[in-house]
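Worksheet: the structure to be examined is printed underneath.
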C-alpha cells in the first residue's frame, strides 16, 4: 500500500517556508511545517516510537534531560534565556535532521522539500498518520 502523499498545499508551504525552520514558533502557533518538522525530529533524532512518546522523543532530540525541562523551555516567554536556548537547540536539531538527507536549512526550496518528503516517507505508517499531522492538514487520513 502506497503511503499517503503530501497534499499540494503542504508541498507549496514547504517551498515557501524553507527559511522558517530556524526557530520554533510561540507555543500557540500551529504552523504545519513546524508540526511536520517536530514529528520528523522526534522520530529520526529522538527515537520516538512504540516505547517512547513523541514529546519524550522531541526532548531527547533537543538534548533535554527529560520532558519536564523541555516543556518548561516551550512555555518560557520570548526573549528569556530558556527560550533562546530552545531556539539554539531547535536550529541545531533541524540542521542534524536535514543532514540525514544531505541538505541544510540554507538549501534551495526544491532540495528542502525533497529532503522533508524523504524523511516523511521514512517514517513508519503509524507516524505518517500521527494525529498531529492529520490535525494540521499535512496528510489526509488513510482510507
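Evaluated against (1) buried (at least 17 other Cβ atoms within 10 Å of the Cβ); (2) within 15 Å of the chain's Cα centre (by Cα), residue 47 falls short on exactly one condition, (1).
Would you confirm, using the coordinates I've provided, whether residue 11 is farther than 25 Å from residue 109 by Cα and either crowded, with 16+ Cβ neighbours inside 10 Å or at pLDDT below 95 (or both)? So residue 11 does not fit the description; no.
Of all the residues in the range 90-111, those that are assigned to a helix (DSSP H, G or I) and crowded, with 18+ Cβ neighbours inside 10 Å number 5.
The values are calculated or read from the model by the stated rules, or taken from the named source; none is laboratory data. Treat the numbers as computed from the prediction; the structure is a model and nothing was measured. Note that each Cβ is placed from the backbone with ideal geometry, even for glycine, and that neighbours are counted across all protein chains shown.
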